[in-house]
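Everything on this sheet refers to the single structure shown next.
The values are calculated or read from the model by the stated rules, or taken from the named source; none is laboratory data. If you're wondering where the values come from, they're calculated on a predicted model, not measured in any experiment. Because the Cβ atoms are built from the backbone with ideal geometry, glycine has one as well, and the counts that use them run over all protein chains shown. When the accessible area is computed, the model is the full protein with side chains, heavy atoms only, and any ligands, DNA or RNA have been set aside. Shrake-Rupley method; radii C 1.70, N 1.55, O 1.52, S 1.80 Å.
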Amino acid sequence: MHELAITESVVASVRDRLGDARVLAVTLEIGRLSGVVADSVRFCFDLCTEGTPLQGARLDIVDVPGGAYCRGCRSDVELVDLIPLCPCGSADLDITSGQELMIRQVEVA
Amino acid sequence: MCATCGCDEDSRSTVTDLDSGRVVTRPGPGHAPDHSHGHDHDHDHEADHGHGAAGPARTATRVVTLEQSVLAKNDLLAGRNRDWLAARFILALNVMSSPGSGKTTLLERTVRDLRAEVPVSVVEGDQETLLDAERIRATGCRVVQINTGSGCHLDAEMLGRGLATLDPPVGSLVLIENVGNLVCPALFDLGERARVVVMSVTEGDDKPLKYPHMFRSAQLMVINKVDLAPHVDFDPDRCAGHARTVNPGLEVLSVSATRGDGLDAWYAWLRGHLAARRP
Ligand SMILES: [Zn+2]
């Protein structure tokens, strides 16, 4: 399960930036096309933060819908699943959102 | 076992040099650099440090904006690997598949057929065993094994260590056999020049639709075991169509690593990338 590695990486990145400051909340941005399941990250978060300055911190996840520009019909479309396909039938898409996997901010004491 | 992070001996990745038998261990990915395994974690913090809504009023907290990619650290290390490889004119390919695709057989055959024209070495990723690495080594090829323990993918730090142990010659070809898994390896850049996803006709031809990240992240899909195609319900054209739905630029080749069908096209693809590695 790569969400464990992803969550460990979140904790390590926060500690790299903030040292031993007590962290009260972490805001993550997880796009729907990122390949990372938000619920799995929630599940791993308590495990990965135990005994660290992030222990007990609130995890806020910002869900980013998938979006693309279709070169076929020249319009912006929403991608509701992982398969990039425009309602017009074209697969010639530039993905414009939904691939985010980002630590936005942390709240420290 | 460490209660902090769940790490134990099994979850540390190791690099094994199949020639010398030397084993290098490191903690699993994502540990903070100062995460010691002495385990004197401080657990006597105040019991009422009230972070929830129910907590007592307290001094103002501070919001620190990071706007940092979760994979930033891996991507940084992957960039270092890529620079290291480019400086040595080495072509490194990240070869991925689900278990049972015949990927190791394809690599064995490739080593045997190409080593007269280019030095080839292999980085073998596997969760537990050395079996695949030993198969590769039986070809006489230089190979290091990375055992990822509980980790389901290689990451850039593991590859960096693997390359340091492997020490591949200038101008050579390095084939990286990733852990058999079509989900997790897709997210982790290793610093490779290109990604190859191998699948076999014994898998469903809708696999590209089930694992779109993997197929979207690859440059080439190799459909293996085409010698078995008459015996299974697998339509290579439909599979290629599905794969191009998620990745319109994907190249597709059909081969049989055991019987030899299509290998000329696979070697031509490799030679094209080998030619491009020089300045
Ligand atoms: Zn369209």
**Prompt:** Which condition breaks for B:ARG193 when tested against (1) under 13 Å from the mean Cα position of the chain (by Cα); (2) open to solvent by less than 60 Å² (accessible area, probe 1.4 Å)?
**Reply:** (2)
**Asked** Of all the residues that make up region A:39-69, how many are away from the ligand (no atom under 16 Å from the Cβ) and in a strand (DSSP E or B)?
**Response** 7
**Request:** Those residues that are crowded, with 18+ Cβ neighbours inside 10 Å, more than 7 Å from chain B (Cβ to nearest Cβ) and not hydroxyl-bearing (Ser, Thr, Tyr), I need them from region A:23-47; list them, please.
**Result:** A:VAL23, A:VAL26, A:LEU28, A:GLU29, A:ILE30, A:GLY31, A:ARG32, A:LEU33, A:VAL36, A:VAL41, A:CYS44, A:PHE45
**Message:** Which pairs turn up if I take residues in region B:194-217 that are in contact (Cβ under 8 Å) with a residue 40 or more places away in the chain and look for partners that are β-branched (Val, Ile, Thr) and surrounded by fewer than 23 Cβ atoms within 10 Å (Cβ to Cβ) with beta carbon separation below 6 Å, at least 6 apart in sequence or on another chain?
**Reply:** B:THR202/B:VAL232
**Request:** Give me a count of the residues in region B:122-164 that are away from chain A (no Cβ under 14 Å), open to solvent by 20 Å² or more (accessible area, probe 1.4 Å) and touching a residue at least 60 places away in the same chain (Cβ under 8 Å).
**Result:** 6
**Request:** Could you list all residues from region A:53-109 that are of a type in the set (Asp, Glu) and without any contact (Cβ under 8 Å) to a residue 60 or more places away in the chain?
**Result:** A:ASP60, A:ASP63, A:ASP76, A:GLU78, A:ASP81, A:ASP92, A:ASP94
**Item:** Verdict on A:THR7 being over 18 Å from B:SER69 (Cα atoms) and at the interface with another protein chain (Cβ under 9 Å from one of its Cβ atoms)
**Value:** no
**Request:** Pull up region B:77-101, narrow it to residues that are open to solvent by 20 Å² or more (accessible area, probe 1.4 Å) and more than 19 Å from B:ALA186 (Cβ to Cβ), then point me to the one that is nearest to the other protein chains (Cβ to nearest Cβ).
**Result:** B:ARG80
**Asked** In the set A:ASP20, A:ASP81, which member is farther than 20 Å from B:GLN68 by Cα and open to solvent by 30 Å² or more (accessible area, probe 1.4 Å)?
**Response** A:ASP81
**Request:** Take region B:223-279 and flag every residue that is open to solvent by less than 30 Å² (accessible area, probe 1.4 Å) and small (Gly, Ala, Ser).
**Result:** B:ALA229, B:ALA240, B:ALA243, B:SER256, B:ALA257, B:GLY260
**Prompt:** Only one residue in B:ASP189, B:ASP206 is within 14 Å of chain A (Cβ to nearest Cβ) and at pLDDT 95 or above, so which one is that?
**Reply:** B:ASP189
**Asked** Taking region A:70-83 as the search range and keeping residues that are assigned to a strand (DSSP E or B), near the ligand (Cβ under 10 Å from one of its atoms) and more than 14 Å from every other protein chain (Cβ to nearest Cβ), which one is nearest to B:TYR211 (Cα to Cα)?
**Response** A:VAL77
**Asked** Scanning region B:209-222 for residues that are within 20 Å of B:TRP266 (Cα to Cα) and within 14 Å of chain A (Cβ to nearest Cβ), which turns out most open to solvent (accessible area, probe 1.4 Å)?
**Response** B:ARG216
**Fill in**
Here the residues within region A:84-109 that are hydrophobic (A, V, I, L, M, F, W, C), more than 14 Å from the ligand (Cβ to nearest atom) and open to solvent by 30 Å² or more (accessible area, probe 1.4 Å) are A:MET102, A:ALA109
